[in-house]
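Report on the following structure.
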C-alpha cells in the first residue's frame with residue numbers, strides 16, 4: 001500500500017518521539033530538560049552505565065553518542081521492537097489519531113470483520129484464564145505445576161483451561177452478545193451439519209492463546225488433559241484471522257527480543273517455547289502443528305538472518321530437520337540461511353534446561369550445525385560407498401539437492417563445501433584403501449566438528465583465467481552500480497524485477513552489500529518501498545552509508561541518464577534490461593569457468609588454462625556494446641536502447657567456418 005505525500009511528515013509532527021521511546025527507557029532526570037524537549041537515558045540498543053542516548057522531542061529524532069544509533073520514531077519502532085516499516089507506520093498513525101489511507105471496499109470489509117473476530121477471541125482468552133483459576137481448572141494447574149512453570153510465565157503466556165463440558169464457552173459468549181456465526185468464524189465452536197446445537201471446539205484442554213506480531217489473539221492451541229484423547233494437541237482451524245502456515249507461536253515477543261540480540265530459536269511446540277522463555281531464551285518461536293512452511297521461513301528470516309532450528313533429538317526430530325532442508329534450499333540467498341541444534345536423544349529443550357540448566361542449552365545453540373553439514377550427513381551417514389555405482393548415486397543426490405539453490409554464487413559455495421567433504425570421504429585411509437563408510441552413529445553426541453578440511457588451490461588454477469577474473473572488477477563495477485542505481489531511483493521497476501535482483505551475482509563486494517540491503521529493504525518495508533526516500537533510508541540504515549552517493553561515485557552509473565530519478569519509466573526499464581543482459585553474459589562466463597575447473601579435477605591432464613582463455617574470449621568479445629551517448633535526445637537515446645535489446649547484442653553470434 002502506497003502512502004500519500006506528506007503522510008509520514010504529518011505522523012512525525014503529531015507524535016511525540018519522547019512518548020514513544022519512554023516505553024523502553026527511563027529518563028535521566030539530572031540531564032533531561034522536559035521543558036525544552038531535551039531527554040537523556042541509557043541507550044536501549046547497547047549496554048552502558050552512563051546516559052549517552054539523547055532525544056530531541058521537538059526535532060523528532062534520537063542519537064546515541066555511544067553506539068551511534070539514530071533515527072526518528074519510525075526507525076525506533078523498527079529497531080527497538082523489530083517491526084516492519086508499514087507496521088511501525090500503522091502503530092504511530094493510531095497513536096496520532098490518523099486513519100491509514102483508504103483501501104478498497106472489500107479490503108475494508110475484511111478488516112472490519114477481523115476486528116470483530118479479534119474482540120470475540122479476547123473474550124475467549126479471558127474466559128479460559130478464569131476457568132484455569134476456578135475449581136474446574138485444578139487438574140490443569142497441577143499439570144502446569146508439574147511442568148515447573150512459574151506463575152509469572154503462566155501470566156505472560158495467558159495460559160487457560162477449557163472446561164470438559166460441551167457448551168461452557170458457547171453459553172458464556174452468547175451472554176455477551178456474540179452470535180453463533182461469529183463464534184464459528186473465529187473457530188471457537190462447531191456447528192453440526194444436522195442442525196443440532198453448536199458445541200465448544202476445545203473441551204478438557206489447557207489453552208494457549210496464539211497471537212499475531214501485533215499482539216492480537218488469532219487462534220488457540222489446546223493440550224488434552226485426557227491421555228486417551230484422539231489428539232494430544234489441537235489447534236484452531238483456518239479462519240479469517242488464522243492461517244497456521246503463515247503464523248508463528250510467540251511471534252511478537254520473540255521478534256522484539258531477537259531484534260536486540262540478532263538471533264532466533266525455532267522450537268517444535270508451545271511448551272518448548274515457554275520452557276525456553278522461562279530459561280532466559282525469550283527469542284523463541286514455534287510452527288503451529290505443521291512442518292515448517294515457506295511462508296514461516298520468510299517470517300523467520302525477517303526476524304533474524306540465521307535462525308537456529310532446535311529440534312528434539314529423536315527420529316521424528318531428525319526427520320523434521322531433513323524436511324526443513326528441502327524446503328529451505330530453493331529459498332537460500334547470501335546472508336540468509338539456517339543452523340541446526342539437535343537435542344540429546346530423547347530430550348526436548350524443556351528436558352535439557354531442567355536437567356542441565358540454561359548454560360547447556362546455550363552451548364548447543366553455539367554449536368549449531370550449518371545447513372550444508374546437515375545436508376551432507378543426511379546423504380552419507382551410515383552408508384557404504386564401496387563401489388563406483390554407490391558413489392555415483394551419492395553424486396546424483398547431492399547434485400539434485402544443490403540444483404535447488406537459485407543463487408548461482410551461493411550454489412557455487414555449497415558445491416565447494418560438498419566437494420571438500422567428498423574429497424575427505426573418498427581419500428585413501430592411511431595410505432591404503434579408500435574410506436568406505438561414513439560413520440555418523442546418529443544422535444547429537446556424535447555430531448561434533450566436521451571431519452574435513454579445505455584443500456588449497458592448485459598452482460595451475462592460481463595462474464589460470466579464473467584467478468585473474470578479479471581483474472574484471474573494474475569492468476563489472478560500472479554495470480553493477482548502474483543496475484542498483486536504476487532500481488533504487490525507480491522502486492516500481494525494482495518491484496517488478498525483484499527476482500532478477502535476487503538472482504544477480506556481483507563481483508564487487510561493496511556493491512553486493514547494497515544489493516542484499518536493497519532486497520532486505522523491500523522485504524522489511526512491506527510494500528512501502530515504492531517511496532524512494534524510505535527505500536534509501538532503509539538501505540543506509542542497513543549498510544551505514546547513503547547508497548545513491550556511493551553508487552554515483554562510479555562514473556558509468558552517474559552518466560547513465562536512464563538511471564536518474566527523473567528519467568522516464570520506460571527509458572529506465574530499457575536501460576536496465578540492456579545492462580542486465582551484459583551482466584548475464586558475465587555470469588555465463590563464470591559458469592563456464594566453474595565447469596572447466598570441475599572437469600580439470602576429473603581430467604588433470606587437460607590444459608585447463610587454454611580452455612578458460614577460450615571461454616573468456618567467446619563470452620566477452622561481443623558483450624561490451626557502447627551505451628547511447630549522453631548528448632542524444634530522449635527519443636534517440638530510447639531508440640538506441642531498444643535496438644540494442646531487440647538485437648540481443650550481448651549474445652555470442654555464430655560464425656561460419658571458412
- prompt: Where does each of 24, 336 land when they are ranked from fewest to most other beta-carbon atoms within 10 angstrom?
  reply: 24, 336
- request: Return the whole-Å distance between the Cα centroid of the range 360-396 and the Cα centroid of the range 1-42.
  value: 52
- line: Fewest to most Cβ atoms within 10 Å: 513, 578 sort as 513, 578
- request: Tell me the label-point distance for the pair residue 48, residue 363, using the 7 Å Cα-to-Cβ offset, in nm and rounded to one decimal.
  value: 3.6
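Read the figures in this text as sums done on the coordinates, not as results from a lab. Note that the coordinates shown come from a computational prediction; the quantities given were computed from them, not determined experimentally. Note that each Cβ is placed from the backbone with ideal geometry, even for glycine, and that neighbours are counted across all protein chains shown.
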